[in-house]
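Read through the structure below, which is laid out as structure tokens, and then see the notes.
The values are calculated or read from the model by the stated rules, or taken from the named source; none is laboratory data. Just so it is clear, the model here is predicted, and its values are computed rather than measured. Don't worry about glycine lacking a Cβ; one is built from the backbone with ideal geometry, like all the others, and counts go over all protein chains shown.
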């Protein structure tokens, strides 16, 4: 059931643009570094059928597009080919077990770029259940198939976890503690990042006033590295352990912020 729901919500029906009468899609400008990419050149001009145009647009506004990661990195195919058949060689629908984006393969596909996050996810119960029975979420369940969704806030994380873990007549027995703990953990990470933003502003003020704050700057770098580690560890879904990491980082960040404020008289 969970696998079916995941596929319904996040399925990646692979369409071939060349098999439809296409209409130029105004407003879908191609990123400069991908102007010679055949996938982008073709799919950016598609407006019909709507679902195919939407898939391109989801990529266009995604973190992948911003980093100039083209379609072939995840889907396969040949982005240099000018022939439609050659361009789509190896591109398979997600429902095909050989697809790079099938439930059994998508983690390895994402790991090509996101090694640390994938290693954490492989340690999770989610991954073990996904691989053993297909009854578990994959990377695309939370991030969408174009990486157009990166969950940062506690409320969004809570909503995602609620879908499987705390829905009336849902797929799994109700566990309201799971969404609640997830929210608390993501909130703990986010509040630390807010304090790091305050520290950054204070460090800039110190620099402008020619005040040496090397100890605080080094301390802030350490906290930033720790909170980045918490975000990676989040993908193990050991939320209690990640919460402890984030809380420790928060305490350290507040101490650094307060020291800087005292030194600057703010």
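Below is a table of values for the structure above.
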| read-out | value |
| --- | --- |
| Residue, surrounded by the most Cβ atoms within 10 Å (Cβ to Cβ), within the range 90-117, restricted to residues that are in contact (Cβ under 8 Å) with a residue 60 or more places away in the chain and assigned to a helix (DSSP H, G or I) | 117 |
| Residue tally, condition outside any helix (DSSP H, G or I) and touching a residue at least 40 places away in the same chain (Cβ under 8 Å), over the range 211-237 | 3 |
| Selection within the range 127-155 - outside the structural domain of residue 111 (by TED's automatic domain parsing) and surrounded by fewer than 15 Cβ atoms within 10 Å (Cβ to Cβ) | 150, 152, 153, 155 |
| Within the range 251-266, tally of residues that are over 10 Å from residue 226 (Cβ atoms) and buried (at least 17 other Cβ atoms within 10 Å of the Cβ) | 3 |
| Residue satisfying condition, being surrounded by fewer than 16 Cβ atoms within 10 Å (Cβ to Cβ) and under 23 Å from residue 125 (Cβ atoms), within set 173, 179 | 173 |
| Per-region count, the range 239-266, residues within 29 Å of the chain's Cα centre (by Cα) and free of Cβ contacts under 8 Å to residues at least 24 places away in the same chain | 5 |
